[in-house]
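K.L.:
Next up is a structure, given as structure tokens.
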Amino acid sequence: MKVAIIGAGAIGGYVGVKLALAGEDVTFIVRGQNLMAIRNAGMKLIMHDGTEHVASNVKATDSYDDAGVQDIIVLALKAHQVDSVADQIGKLIGPETVVVTMQNGIPYWYFHKHGGEFEGRQVESVDPTGLLAQKIPPSQVLGCVVYPASELIAPGVVRHIEGDRFPIGELDGSISERATRVSECFTNAGFKAPVLDNIRCEIWLKLWGNLTFNPISALTHSTLVDICQYPLSRELAAKMMAEAQEVATKLGITFRVSLDKRIAGAEKVGKHKTSMLQDVEAGRGPEIDALVGSVVELGRLTNTPTPHIDATYALVKLLEKTMAEERGQIRLQKAA
């Protein structure tokens, strides 16, 4: 199948290499140094066990016109980056194209085919103008939750850290032919990609940790194990998660693991810097609204108080504003 990977970062690069090595017709849509590196030497993947794989049979372009209509589009940008490509994505979409969204947090399509009183509602913190829903039709979207961890260590080079699960699901919960087709494509590439009958439950399970540990880590420059083992930050994380759980429950979500087990799972990851902390240290705009702001919005929507999430959101948004104004990055350094 023809597969376009929008973004050749940590996740897009990992997925694209594996799909290409499995025989799929992969095109990376990228810019800058990544574009030149992939054109010159292919896309390299270094697995967690040290084995190296190079997908030299991939195409790389910065032109959506050149890429043309695709069978599958893997949207592997962070949520706040999708706006910048929304106008172009339509050039890749035909009547049968499936868009697999690999963003963390509450997606722009969340209430499409949701049912109930909020059916079709716009998630304003993620899609404030409605542009994404207009340009990337939810009717052609498959939801996806990203569990692997990897990092882009050089242009055209991704290092896999751990994990291979990419559960997917139709927005209406059906087990469709197209979802099965995408699942088989991913499975043939070595991923675990079960088709779920409620992808939103899985989204909330992943978000449960992201909305707490990401902003806390960005504000404190602490790793997952540090946050979980320090009593005050562990208590804050638990209170934020309890608030989020109440919001999710009002939206019909059931969590398949307990709050304590979810925190314990994060603790086991160890001295891992969250993606938001990595962005702050590198001076990149952190991914805040899809992870935290969206839950604040859904709290208001469901008349659910979220005081601990609100306070954390205010602080991390101020951090984002300060970084943007100063054009700076923030990193702890050892004192002399």
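K.L.:
At Met47 and Ala324, where each label point lies 7 Å from the Cα along Cα→Cβ, what is the point-to-point distance in nanometres?
P.N.:
So the label points at Met47 and Ala324 sit 4.2 nm apart.
K.L.:
What does the charge dipole of segment 2-197 about its Cα centre add up to, to the nearest 20 debye, if the Cβ of each Lys and Arg holds +1 and the Cβ of each Asp and Glu holds -1?
P.N.:
440
K.L.:
Then there's this: Would you look at the GNM of the chain, springs on alpha carbons closer than 10 Å, and say which of Lys268, Lys239, Lys59 moves the most?
P.N.:
Highest fluctuation of the listed residues: Lys268.
K.L.:
Projecting each Cα onto the charge dipole of the chain (Lys/Arg +1, Asp/Glu -1 at the beta carbon, about the Cα centre), which of Gln134, Val99, Gln229 comes out farthest on the positive side?
P.N.:
Of the options given, the answer is Gln229.
K.L.:
Using only DSSP helix segments of four residues or longer, with each worth -39500 (n - 2.57), what per-residue ellipticity at 222 nm results for the chain after dividing by its residue count and rounding to 500?
P.N.:
Values: 13 runs with 142 residues, N = 336.
Here the helix-only value at 222 nm equals -13000 deg cm²/dmol.
K.L.:
What order, most packed first, do the peptides 194-206, 173-185 have when packing is the mean number of other Cβ atoms within 10 Å of each residue?
P.N.:
In decreasing order of mean packing, 194-206, 173-185 become 194-206, 173-185.
K.L.:
Please give every one of the aspartates and glutamates within straight-line cross-link reach of Lys321, meaning a C-alpha to C-alpha distance under 16 Å, and leave out same-chain neighbours fewer than 8 residues apart.
P.N.:
Reachable aspartates and glutamates: Asp279, Glu281, Glu287, Asp289.
K.L.:
Additional query: How far apart, in nm, are two points set 7 Å out from the Cα along the Cα-to-Cβ line at Ile153 and at Ala22?
P.N.:
2.4
K.L.:
To continue, here is another question. Dipole of segment 2-197 (Lys/Arg Cβ +1, Asp/Glu Cβ -1, origin at the Cα centre): which of Ala86, Ala154, Phe191 lies farthest to the positive side?
P.N.:
Ala154
K.L.:
With the cut-off at 1.5 for a/c, could you classify segment 200-323 from its C-alpha gyration tensor as rounded, prolate or oblate? Please list the in-between numbers first.
P.N.:
Values: a/c = 1.77, a/b = 1.20, b/c = 1.47.
Judged from the Cα gyration tensor, segment 200-323 comes out oblate (a/c at least 1.5, b/c at or above a/b).
K.L.:
While we're here: Name the shape class, rounded, prolate or oblate, that the alpha-carbon gyration tensor gives for the chain, where a ≥ b ≥ c are the square roots of its eigenvalues, rounded holds for a/c under 1.5, and otherwise prolate holds if a/b is larger than b/c and oblate otherwise.
P.N.:
oblate
K.L.:
May I ask you to list the lysines whose Cα is less than 22 Å away from that of Lys2, ignoring any residue fewer than eight positions away on the same chain?
P.N.:
Lys18, Lys44, Lys59, Lys91, Lys135, Lys192
K.L.:
Given segment 2-197 reduced to its alpha-carbon atoms as identical point scatterers, what log10 I(q)/I(0) does the Debye formula return at q = 0.09, 0.10 Å⁻¹?
P.N.:
Taking Cα atoms of segment 2-197 as identical point scatterers yields -0.31, -0.38.
K.L.:
Let me ask something additional. Suppose each label sits 7 Å from its Cα in the direction of the beta carbon; what would the Lys239-Asn57 distance come out to in nanometres?
P.N.:
So the label points at Lys239 and Asn57 sit 5.6 nm apart.
Read the figures in this text as sums done on the coordinates, not as results from a lab. Everything quoted here is computed from the prediction, not taken from an experiment. Every residue, glycine as well, gets a Cβ built from its backbone with ideal geometry; the counts of neighbours run over all protein chains shown.
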